[in-house]
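The values are calculated or read from the model by the stated rules, or taken from the named source; none is laboratory data. Quick caveat: nothing in here was measured; it's all calculated off a predicted structure. Glycine also receives a Cβ, built like all others from the backbone with ideal geometry; neighbour counts cover every protein chain displayed.
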Amino acid sequence: LEKEKTTSLPAVTSEMQQTIEKRIANYRTAISNAKESGESVKLRRYERGLKTLETMLAAVKRGKKINEEEIPPPVATGKSSSHISQATGAEQEISGDSVSVPPESRAESAADDDNTRAILLMRQKEYKIAALKAKQQGNLEKAKEYMKTGKKFDVVLEALDSGQPVDLQNMPPSPQGKAARVLKSESCSFSLSVLFQASLQQPKTVLEALQQRLEKYKSAAAQAKASGDDRKARMHERIAKQYQDAIRAHKAGRKVNFSELPVPPGFPPLPGVAATDGGSTIAAVLENAGQLASMEENDEEEEVIIQFFFPARQQLEFLENRKKQYMKAAVKAKKENNLEQAKMYLRTAKSFDPKIEEAKRGKPVDISKLPSPPTDDEGDFIFIHHEDLKVSQKAEEVYAQLIKLLKDQHERCLQYSKQFMHLGNVAETTRFEKLAQGCKKDLDILQLAQAQGMDPPSHHFEERTFKMIRIFSELNSTEMHLLIVRGINLPAPPGMKAQSSVVFFSEYVGGKYNQLFKLNINRNHRGFRRAIRSKGIKFEVFHKGSFFRSDKQVGTAHLKLDKLESECEVREIIEIFDGRKPTGGKLEVKVRLREPLSGQDLQTITENWLVLEH
């Protein structure tokens, strides 16, 4: 039965398997050569292609069908041309409509590619060395220029690897102003772009040329996807979208700026559009490839930074770290035989799993709704206000002061971390959580040293400046809190003198009220915003009458609220007037919102930070 199954397999499968195996050998050789030459970018690309080929080979061996177009193309090995010629020969055997090329011409073409590649790499290296020297000499502008030119060579090298001919006649000169020694060799012929242009069907209209370029970028995107290079695939898809928009605009009769469209290497200029000098030469290719190189750099920046601009990866790390914290807390609670606490921590840790899956799929996660990190409830933290630490001769007093300071710092770090978590700022949340962990470790070290009867550790104060975004997280977005704190030197009511009732005036003249009023607001209502900007709040101060006497007005005060546009708290001591006449009395009031009406309440705080010297 096994023999029958083997004989029934189509011959194409065995040919496909041979092709993939040869292609795998080609990629392995290229990987080893890339490792030797230290080309990390190509190494990663080749490894992705090798992984795709190995997956395809396993599928073919199991008898599954694969799409021949998705097979990664052969690559230049960098040293030997035998693998490329074999892979190219195998590809020509599979495709029925391909033109048979003599082995001698294939070998010559491979040798030319290797020579071209060596020249490009040497010239690229010259630009990198020149950039380094310019940077050491302090000429940053020149260094940037050299680096940009050197990076553009990568695009041309990739075009060469994908089988596209490259003309080196007008290659950018050596940065030292000398022609490369390799170019003096008369044995190499570099006019290869003519072959590539001859293989293209010359477009007769602008629309046809745009369509050709669109198909080129679409096929390049599909090829990059098949080889597992998602970054390059996204780049080519973006360019393809630019061409689609240009085609639609051209069909609609609108004016299109064709100079903004990237040109594929070796493509002829658009018919009827003025071509730049040397458009098909390597100089033009490098110029047009500048946009591609900048796109690739931007893609890499997206993966690295996201700290503030694209937080998907950072959010994933944040969620995983928070889950680990709860898992550790659960293990610790279990060791202490606190099973209820351990179960609670474990349930909280498991609740992070769906959010982690969302972050892995690239979806944003609202970190403001996440639980705070687990804390040790070993004692209440005490807030203290200090000018500086006056070290006492008694070790116990020093320990007590240091512990209070560290607990204060720990509590503030947690408070700042919660504020940034409500704002969804992962970077600052993580930063203050790490500071809180550092304070907690210092506190543990301090308590351990105290328990062992050791002298207080060496310590010093550092001035640390934090850029904070103030927010009152206990308020919701539809609340405004008005707090009347106290009255200062309030005037005597009409018809009464201060001497007539000492007890009354001791409470009335300088009374502390701390009366809170919670007001419901609509932040986006135009009337509310107009009142904030121009009107404010009017306070009328009355002296409460008795059974036979009515209340008597002492005066009025006015509080402006325009600061709430950029701040979330207004705290003022406002003067009380009787008509237009000042009475000498004052009123201290506070108004709070969760967040300012527009923008953020940025504040810079400088603190004396206690640091233990371990």
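Checking Ala30 against (1) among the hydrophobic types (A, V, I, L, M, F, W, C); (2) modelled with pLDDT of 85 or more; (3) more than 20 Å from Ser227 (Cβ to Cβ), which single condition isn't satisfied?
Evaluating Ala30 over (1) among the hydrophobic types (A, V, I, L, M, F, W, C); (2) modelled with pLDDT of 85 or more; (3) more than 20 Å from Ser227 (Cβ to Cβ) leaves (3) as the failure.
Scan region 524-576 for residues that are farther than 19 Å from Gln600 by Cβ, surrounded by 15 or more Cβ atoms within 10 Å (Cβ to Cβ) and of a type in the set (Lys, Arg) and jot them down.
Matches in region 524-576: Lys560 only.
State whether one or more residues within region 577-584 are assigned to a strand (DSSP E or B) and among the small types (Gly, Ala, Ser). Can you show your working first?
Keep residues of region 577-584 that are assigned to a strand (DSSP E or B), which gives 577-578, 581-584.
Filter again for among the small types (Gly, Ala, Ser), leaving 584.
Yes - at least one qualifying residue is present in region 577-584.
Return the residue satisfying two criteria in turn: it lies in region 558-576 and is outside any helix (DSSP H, G or I), touching a Pro at 6+ places or on another chain (Cβ under 7 Å) and charged (D, E, K, R), and of such residues it is nearest to Ile532 (Cα to Cα).
Once the filter is applied, the top-ranked residue is Glu567.
For region 61-69, indicate whether the set of residues that are modelled with pLDDT of 65 or more and among the β-branched types (Val, Ile, Thr) is non-empty.
We begin by selecting, within region 61-69, every residue modelled with pLDDT of 65 or more; these are 61-69.
When the remaining residues are screened for being among the β-branched types (Val, Ile, Thr), the result is 66.
Yes, region 61-69 has at least one match.
Given the conditions (1) under 28 Å from Arg571 (Cα atoms); (2) buried (at least 19 other Cβ atoms within 10 Å of the Cβ); (3) over 36 Å from the mean Cα position of the chain (by Cα), report the number of the one that Tyr399 does not fulfil.
The single condition Tyr399 does not satisfy is (1).
For region 47-68, which positions are at negative phi, small (Gly, Ala, Ser) and surrounded by fewer than 18 Cβ atoms within 10 Å (Cβ to Cβ)? So that I can check it myself, show each step before the final result.
Applying the first criterion (at negative phi) to region 47-68 yields 47-62, 64-68.
Remaining after also requiring small (Gly, Ala, Ser): 49, 58-59.
Listed by number, the residues that qualify are Ala58, Ala59.
State all residues of region 347-380 that are modelled with pLDDT under 70 and β-branched (Val, Ile, Thr); if no residue qualifies, say none.
Selection gives Thr375 alone.
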